[in-house]
Amino acid sequence: MPLVTTTEMFKKAYAGGYAIGAFNVNNMEIVQGICEAGNELNAPLILQVSKGAREYANPIYLKKLVEAALEDTGLPICLHLDHGDSFETCVSCIEGGFTSVMIDGSHLPFEENISLTRRVVQYAHDHGVVVEGELGRLAGVEDEVKVSAEDSSYTRPEEVQEFVDKTGVDSLAIAIGTSHGAFKFSGEPKLRFDILEKVAEILPGFPIVLHGASSVVPEYVKMINEYGGDLPGAQGVPEAMLRKAAEMAVCKINIDSDLRLAMTGTIRKFFAQNPSVFDPRAYLGPAREAIKQMVAHKIKDVLGCEDKA
């Protein structure tokens, strides 16, 4: 089975009141853990690659890992560029075989965001690739994406119709209170479901995306802190809120920090208990299993996309 776009995935997800997980990949063990979980639960997958991941792992290696996952599982898998920062980056990914790209012009003035996004859409659609745009800015840090709380902003519902009409995007990432990284809330977690509801009314049936949607699972935060880490006050999006969003208009939920925490916590624990072991397979194997269990939990208990492949 070849790589697929998100078009059919999102149609089914919107109609069924569930979301597809978009999991960031950086190396073989992460790809394997995600795809083993998806295969066992018969779930569609979006494997997404950031600019930083492309620089770290080399796009050729990442593409071959994803092709191996396709051959191994036969699942519908979309290969997506996360937070493309330029037309040139998006073109490089499209020419490299990606089936979906995100162009993040959210830092630009509204009209400039439209212009850049429309340019990417025109090129992508000519090559059979779908495009995700973004309105509103999430706070936090993820690879090259660094936005202070002062510079963040909620999506303005009154702008979404014009943006979608003028750009032709296939999905839209909005800002309703999530953020990148492990420190999403300093007080009580809150998402602006009123904004999501209004956007859904304006764009009925249109797929909405949530970035920065890791729940920062306490088990792994505790594990990291217990074995030499320093993540006081780390707090993510409550999973009940994510389930609610998936039952509304959100068809794609991005998960990265939870994977990093699961992998890093497991490796820290392993070395604390086995300080003399130096075989990478010995500690990367349990880390891969932690990724698998995390993704399986998200598929079954948060996204609702089990048996939707």
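Computed values, structure above
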| item | result |
| --- | --- |
| Test set (1) among the aromatic types (Phe, Trp, Tyr); (2) closer than 25 Å to VAL130 by Cβ; (3) touching a Lys or Arg at 6+ places or on another chain (Cβ under 9 Å) - PHE206 fails condition number | (3) |
| Single match in ASP230, ASP256, ASP194 (criterion: under 21 Å from the mean Cα position of the chain (by Cα) and of a type in the set (D, E, K, R)) | ASP256 |
| Out of CYS78, CYS35, sole residue that is surrounded by 22 or more Cβ atoms within 10 Å (Cβ to Cβ) and not in a helix (DSSP H, G or I) | CYS78 |
| Criterion violated by LEU47 - all others in (1) farther than 14 Å from GLN293 by Cα; (2) open to solvent by 10 Å² or more (accessible area, probe 1.4 Å); (3) modelled with pLDDT of 95 or more satisfied | (2) |
| Tally, over segment 81-101, of residues that are at pLDDT below 95 and either exposed (fewer than 15 other Cβ atoms within 10 Å of the Cβ) or in contact with a Ser or Thr (Cβ under 8 Å, 6 or more places away or on another chain) (or both) | 1 |
| Condition met for ALA272 (part of a helix (DSSP H, G or I), in contact (Cβ under 8 Å) with a residue 40 or more places away in the chain and surrounded by 24 or more Cβ atoms within 10 Å (Cβ to Cβ)) | no |
| Cβ pairs under 9 Å, 6+ apart, first in segment 145-161 and over 17 Å from GLY177 (Cβ atoms) and open to solvent by 50 Å² or more (accessible area, probe 1.4 Å), second hydrophobic (A, V, I, L, M, F, W, C) and modelled with pLDDT of 95 or more | GLU158/ILE202; GLN161/ILE202; GLN161/LEU203 |
| Long-range neighbours under 6 Å by Cβ, at least six apart or interchain, first residue farther than 24 Å from LEU203 by Cβ and open to solvent by less than 10 Å² (accessible area, probe 1.4 Å) within segment 246-267, second at pLDDT 95 or above and among the small types (Gly, Ala, Ser) | ALA262/ALA290 |
| In segment 1-32, residue nearest to ILE208 (Cα to Cα) [restricted to those that are of a type in the set (Ser, Thr, Tyr) and in a helix (DSSP H, G or I)] | TYR14 |
| The one condition in (1) modelled with pLDDT of 95 or more; (2) buried (at least 22 other Cβ atoms within 10 Å of the Cβ); (3) touching a Leu at 6+ places or on another chain (Cβ under 9 Å) that LYS300 fails to fulfil | (2) |
| Selection from segment 38-50 of residues that are hydrophobic (A, V, I, L, M, F, W, C) and part of a helix (DSSP H, G or I) | LEU41 |
| Residues of segment 218-240 that turn out to be closer than 22 Å to LYS300 by Cα, open to solvent by less than 30 Å² (accessible area, probe 1.4 Å) and assigned to a loop (DSSP other than H, G, I, E, B), as a count | 2 |
| Filter result for ILE60 (among the aliphatic types (A, V, I, L, M), out of contact with any Phe, Trp or Tyr (no Cβ under 9 Å at 6 or more places or on another chain) and without any contact (Cβ under 8 Å) to a residue 60 or more places away in the chain) | yes |
| Complete set of residues in segment 149-166 that are modelled with pLDDT of 95 or more and touching a strand residue (DSSP E or B) at 6+ places or on another chain (Cβ under 8 Å) | GLU159, VAL160, PHE163, VAL164 |
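The values are calculated or read from the model by the stated rules, or taken from the named source; none is laboratory data. Everything quoted here is computed from the prediction, not taken from an experiment. Virtual Cβ from ideal backbone geometry, glycine too; neighbours counted across all protein chains shown. Please note that ligands, DNA and RNA were not included when accessible areas were found on the heavy atoms of the full protein model with its side chains. Shrake-Rupley method; radii C 1.70, N 1.55, O 1.52, S 1.80 Å.
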